[in-house]
1. Translational diffusion coefficient, Stokes-Einstein: compute it for the stretch A:22-67 using the Kirkwood radius over C-alpha pairs as Rh, at 20 °C and 1.002 mPa s, and state it as an integer in µm² s⁻¹.
2. To the nearest 0.05, how large is the calculated FRET efficiency for A:E55 and B:N21 if R₀ is 51 Å and r is the Cβ-Cβ distance?
3. Please tell me the relative contact order of chain A in percent, rounded to the nearest whole number, where contacts are Cα pairs under 8 Å and at least six residues apart.
4. Fewest Cβ neighbours within 10 Å first, please rank B:S89, B:S117 accordingly.
5. In peptide A:147-153, what is the residue-averaged number of other protein chain Cβ atoms found within 10 Å of each Cβ?
6. Write down, largest first, the equivalent ellipsoid semi-axes of the stretch B:60-148 in whole Å, where each equals the square root of 5 times an eigenvalue of the alpha-carbon gyration tensor.
7. If the only charges are +1 at each Lys and Arg Cβ and -1 at each Asp and Glu Cβ, what is the size of the charge dipole of the stretch A:3-193 around the Cα centre, to the nearest 20 debye?
8. Could you name the lysines in cross-link range of A:K15, using Cα to Cα under 22 Å and dropping any fewer than eight places away on the same chain?
Amino acid sequence: MSKIVITGHTSGVGKTIYDALNADSCREIVGLSRSNGYDIDADFDKVVEEATGAEIFINNAYRDSQQLRLVEALKDKVGMMVVMGSVSRFYPEVIPTDYVRDKQELAEACRLISMDPNGIPVLHLDLSFIEGTVASNPTDFTSDFNITHQEILDTIVFWTQHPNVRQVEFTWKLTPHVLSELKRVNPNLDPTRITI
Amino acid sequence: MKFYITGSTRGLGEHISNEFNCECFDRPVYDINKDIDNIVEKINPESVVILNAHANQLEYVERLKDKCSLVVMGSIAAINFDPEMPEYSKEKWKLEKTVQHLSEHSKYPMLYLQLTSSSYRNYQMIANSIRFWLDNPATTFIGYNINE
């Protein structure tokens, strides 16, 4: 039986996708997380081994450059791949963090696969603030999220029907709370650089 | 919801026009180069304008961004520079950057489609992409494969 493999399946949008696929799909759904012994950093080789041969690999969990390593390791070992990126990659000067740099490199790797005549279908999602998981302090953004888990799930389903789609971006509304959070990570933020 | 389109006399534009029962801004009734004021005047917040024709796309985006929902037909030439059509590539790059920036903060939903030569011929996929966006207006950009 073909299988769908997802990393980071125990919380946030990863859990929503994992639960929805388990409820609706006839395929075997495999979730890989620290909680079941598949840390994408410490257990990298195990993750690759488990994902190899998957019909769809959903590269969801973020940990430094591990997402990128998984793209490179699995780009010719799975049938299709979904990669969770971030719209923050368009604003490296506004959000000068390793996270943004990692997401930029991730997007570029996906673009190169999409240009390779032998490349597998890859969907790169430029996600913005997601319900429930947008900040370490949940009170910061709970009323400010831009996209729901369901919208991300719907996008993946749409892509399985239209695998020629390679990239989808989501809106990013810069509410006052979001702006204050950006100023927290970048005290030198020039407010004229962005628009509310 | 009322749909309008520019550039609908053939190909993708004709198909999209039929799919969404669009009112068309085309010759002989409209000249999209000369009738910008008249066209903009017709649009209200319930409108969806599909900017398919390349001519004056950027100006229409600027004029319509605070008036209605927009679908903008872009091109992979924006990021894969086409040396045989340098002006076209430059214009599409500027269009893409402008729409990407505006769509993140726009009052109305805005969708940019980064078309490739193969996706450009897949009319139904493009129509389905627009339908998907109508149901999921947080989507601002859809790009298509270039490895075919």
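Values quoted throughout were computed directly from the atomic coordinates according to the rules given, and no laboratory measurement underlies them. Every value quoted in this text rests on a predicted model; they were computed, and no experiment measured them. Quick reminder, even Gly has a Cβ in these numbers, built from the backbone with ideal geometry, and neighbours come from all protein chains shown.
1. 186 µm²/s
2. Taking R0 as 51 Å, the efficiency between A:E55 and B:N21 is 0.85.
3. This gives 17 percent for chain A.
4. B:S117, B:S89
5. That works out to 2 on average.
6. 22, 17, 9
7. The dipole of the stretch A:3-193 has a size of about 200 debye.
8. List returned: A:K3, A:K46, A:K103.
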